[in-house]
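Beneath this line is the structure, given in structure tokens, with notes to follow.
Read-outs throughout are calculated quantities, based only on the coordinates presented, and are distinct from any laboratory measurement. Being a predicted model, the structure only gives us computed values, none of them experimental.
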Amino acid sequence: MSTGSGQNGWNEYSRLVISELERLNEGIKGLTDEMQGLKQQITELKTREGNLTSLHNWKASLDEVVSPSQLRESIRDIQELKTFKTQAITIWAVVQVIFMIGLALVKFF
């Protein structure tokens with residue numbers, strides 16, 4: 001009888017060990033899945049970091065060429081030159097018309 005009782009205890013113990021190993025295995029699988037997700041997120045973050053670095057470098061090189069305030073001032077100067085050009089062409093056309101009328105009046109009289 002002691003042999004049967006020892007065997008029964010061993011069976012219970014082995015089932016307990018197996019269930020514990022299965023539980024640990026499931027936990028390890030969960031951790032592995034989480035690690036894969038974290039690795040994927042790290043890869044995405046590194047890609048974004050690379051994009052941000054290249055964008056930062058591009059902005060720095062652009063700032064070396066012209067600063068935002070210089071660009072704004074240049075645009076304002078261009079607008080002033082366009083206005084001056086329009087005024088100059090208009091004045092030139094008016095002077096030409098007056099000159100033509102003057103010539104016509106001189107020929108007429």
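Among the listed values [x] 14.5; [y] 15.7; [z] 23.7, the one computed from these coordinates for Kirkwood radius over Cα pairs in Å is [z]. Sequentially through the stretch 61-75, phi angles give Karplus couplings (6.51, -1.76, 1.60; θ = phi - 60°) of 5, 5, 5, 5, 6, 8, 8, x, 5, 5, 5, 4, 5, 5, 5 Hz, Gly and Pro residues having no value and appearing as x. For the stretch 22-38, backbone phi angles converted through the Karplus equation (6.51, -1.76, 1.60; θ = phi - 60°) give residue-by-residue couplings of 5, 5, 5, 4, 5, x, 5, 4, x, 5, 5, 4, 4, 5, 4, x, 5 Hz, Gly and Pro being listed as x. Couplings 3J(HN,Hα) of the stretch 100-107, computed from phi: 5, 5, x, 5, 5, 5, 5, 5 Hz, in residue order, whole Hz [Karplus 6.51 cos²θ - 1.76 cosθ + 1.60, θ = phi - 60°; x for Gly and Pro].
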